[in-house]
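The values are calculated or read from the model by the stated rules, or taken from the named source; none is laboratory data. On a predicted model such as this, the values are computed, not experimentally measured, just so you know. Glycine gets a Cβ as well: all are built from the backbone with ideal geometry, and neighbour counts include every protein chain shown. Quick note on the areas: whole protein, heavy atoms, side chains included, nothing else; ligands and nucleic acids left out. Shrake-Rupley method; radii C 1.70, N 1.55, O 1.52, S 1.80 Å.
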Amino acid sequence: SWHFDDQKFIHACTGIENIDEAITLLEQNNWDLVLFCLNLLICISFSEYGGDTLHGPAYGPTSHSTAASSTPSSSSAFRHVVPSRQIVERQPRMLDFRVEYRDRNVDVVLEDSSTVGDIKHILENELQIPASKMLLKGWKTGDVDDSTVLKTLHLPKNNSLYVLTPDLPPPSSSHSGALQESLNQNFMLIVTHREVQREYNLNFSGSSTIQEVKRNVYDLTSIPVRHQLWEGWPPSATDDSMTLAVSGLTFPCHRLTVGRRSSPVQTREQSEEQCTDVHMVSDSDGDDFEDATEFGVDDGEMFGVASSALRKSPMMPENAENEGDALLQFTAEFSSRYGDCHPVYFIGSLEAAFQEAFYGKARDRKLLAIYLHHDESVLTNVFCSQMLCAESIVSYLSQNFITWAWDMTKEANRARFLTMCTRHFGSVVAQTIRTQKTDQFPLFLIIMGKRSSNEVLNVIQGNTTVDELMMRLMAAMEIFSAQQQEDIKDEDEREARENVKREQDEAYRISLEADRAKREAQEREMAEQFRLEQIRKEQEEEREAIRLSLEQSLPPEPKEESTESVSKLRIRTPSGEFFERRFLASSKLQVVFDFVASKGYPWEEYKLLGTFPRRDVTQLDPNKSLLEVKLYPQETLFLEAKE
């Protein structure tokens, strides 16, 4: 339906107060406002210069018979506007309806004097569904029943409706599964721009509509959707709102050709003939007013919607304090706009991205790709959706690049990046980016880290194709690979030298440790020998002192001619020597032990043995006399070390 703002806009463009009459005249000119204004100026000029006013309905189309009988100057597609702006008798107006029911589309053409019930009766024959079971939806007004006359709804020429049948069972699951599988497939559209002979390889999911394809082509070719002249669409693709999955395109690849439609002054018959082929000329409702900005009307204001409501959320907050938080919002917004299949953006500062890409081991280093986004560029949408999100590009970037992104839309963010760029790449690169125009964005910077600086290998602008982008990425990768091999070789040689030096240092350290251990062992041995020698000396001194003490304590040796009983003892040492001494027979056995000890054989270490009978004298009571132990008058004894 036509809202009040729509009627106000049409009145402002045409100057005609009667909305039905204005719509009829716009349809006769194929909704081309430029063509309408051109014909209106011709009519006004004709009136001012005294042209004869032809009879017939004001603003009505010129029939062939009338045109043949009139003068050449009066063959315009419009009649002169009479001063009274009288409302003339109006021809019946035809309305086109595209009705969707499940997987079917039915085209219905009726006069605006028909009712909603007439549409249902036609659909009843086409869909084999009782009219009583149908709920016809899609009307712009709320209260519509079978008796409602279409003229009272103030409908545009082309309308889209859909049928609901809640009382009927749903379609089989097998068909729904096949449709869902088709919607999930990706179609490769090879679009040839006829005028410049250039091909674009565009990837679309099966759920994308024909209208979305045409809008993307508009971004690439600058041909408005209404002016696009197409070749190659299947016969079943009869509506721009149809998805690619059900349009009949050849899977997985389909070729199309697009060109710019010429817009000369046409007769009504020529316009109607051209508009009947929806595959050749786009005439979608969504683009009827795409050129309205040429007349100073904002897209949002045209339909009573504030233009701010049509704007997308910013990719990145302005004056973000933390670059990591800004990149998180960038990634989330990018995913919401273009889907989850996109490059993995590094979350962190540009310095951190440098560390990740350039400052690891040579084998682990990667190129750094900096994506500079700009929402005001006409190339951004196509570059992001068709190139940056292509599976081949995403896979190649993830394997060989660290990808970092920044939004250049806001002036504060732009100035911040230029400052970072000057610091890291120098003023020349910063000036190159500063001079890029908005329509040259988005930009893709390929950075390679070197020993002392960072080099910008390539600056890729948004006006490219998937193949060109891939070729330039691969070319940068070839340069990087050659440099990387040199770095790996230098690193391996450096590591080999360091390994040799480490081995030499380790061998030297081990040698020092061995020498020190040997020296310490010698010192310990010498110290132990000295200690033992000291102990031995002390023991010898102690034994000598004991020996001398015992020797001094011995009673004097009795003489042979002594009148007392004397016992003569002959003692053999372990070394075979003998020593003799005389003792009084009344002397205690302890005196003999002391004598033997005074000779260096203490009884604690040696035992004194008798011969006949063999006995251990040291086991006898030392307080008994020699006579008592039968060592009288003489006896030979020998010493033996104790075990």
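Observations
- For K437, the aspartates and glutamates whose Cα comes closer than 18 Å to its Cα, not counting residues fewer than 8 places off in the same chain, are D219, D375, E376, D407, E411.
- Largest first, the extents of the alpha carbon coordinates of the range 179-232 on the three principal axes equal 36, 20, 18 Å.
- Rounded if a/c under 1.5, otherwise prolate or oblate - the range 387-461, Cα gyration tensor axes: oblate
- Most to least packed among 539-547, 440-448, 392-400, 93-101 [average Cβ atoms within 10 Å]: 440-448, 93-101, 392-400, 539-547
- For the range 385-431, the equivalent ellipsoid derived from the alpha-carbon gyration tensor has semi-axes of 26, 14, 8 Å in decreasing order.
- Among the listed pairs K537/K630; K559/K642; K157/K214; K140/K410; K559/K630; K140/K214, those beyond 27 Å (Cα-Cα): K537/K630; K559/K642; K140/K410
- Ligands, DNA and RNA aside, F346 has an accessible area near 50 Å² when probed at 1.4 Å.
- Listed peptides 624-636, 425-437 appear in the order 624-636, 425-437 once ranked by packing, highest mean of other Cβ atoms within 10 Å at the front.
- 13 Å beta-carbon shell around E580, net charge (K/R +1, D/E -1): +2
- Computed with every protein chain present, the accessible area of D20 is close to 40 Å² [probe 1.4 Å].
- The convex hull around the C-alpha trace of the range 463-581, projected and averaged over every direction, spans 18.4 square nanometres.
- Reciprocal of mean inverse Cα separation for the range 430-496 (Kirkwood radius, Å): 13.9
- From the alpha carbon centroid of the range 538-594 to that of the range 97-153 is 151 Å.
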